[in-house]
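Quick note: the coordinates plus some simple rules give every number you see, no bench work behind them. Note that the structure is a prediction, hence the values are computed from the model and not measured.
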C-alpha cells in the first residue's frame, strides 16, 4: 500500500527532509520526491480534507495510472516468428540472437528492444519440450559431450 498520507504528514506537519521521510517510511527517495511533486501539481496541501480517502487521494495524484504491482496492458508489438528464429539458430552455429534481432528491427522499427526480444525468446523457448531419446545397447556406442568448437576436438 502506498504511504502518501504519511509522506505528506511528515513533510508538512513535522517539516522533515526527503531523505528523512524516505528512511522513516521505508521507501525510496525518488518515490518521496515523486509523491511531493505530484501533490504540489495537484494542489494538495496539509492538512488533508477529512473526507478525502486513500482511493480519492491516489486518483488525484496518479490519475488513471495502474496501481503498483498491477501490470498495464502492454501495447501490442509485432511478434517475431519464434519458431523460425529457433530453427535458424539451430542450423547456423555462428548466428546470434543479436543478428536476428537486428533483422527483426529492420523489418519492424516499432518492435521490441533487444533486451525484451531476448527475454521473450527465452520465455518462448522454455515452453519447448526437451526430449533426447537414444536407444542403444550398453557398450555399443560412445558419446562425447563437448561444448567447444568441433574443429578443436581430436579423438585418437
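Structure summary
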read-out: Centre separation in Å (Cα based) which lies between region 76-93 and region 96-142; value: 7
read-out: Rg in Å to one decimal, and Dmax rounded to a whole Å, for region 4-62 via C-alpha atoms; value: 10.7, 29
read-out: Estimated Rh, region 82-126: Kirkwood, alpha-carbon pairs, angstrom; value: 10.8
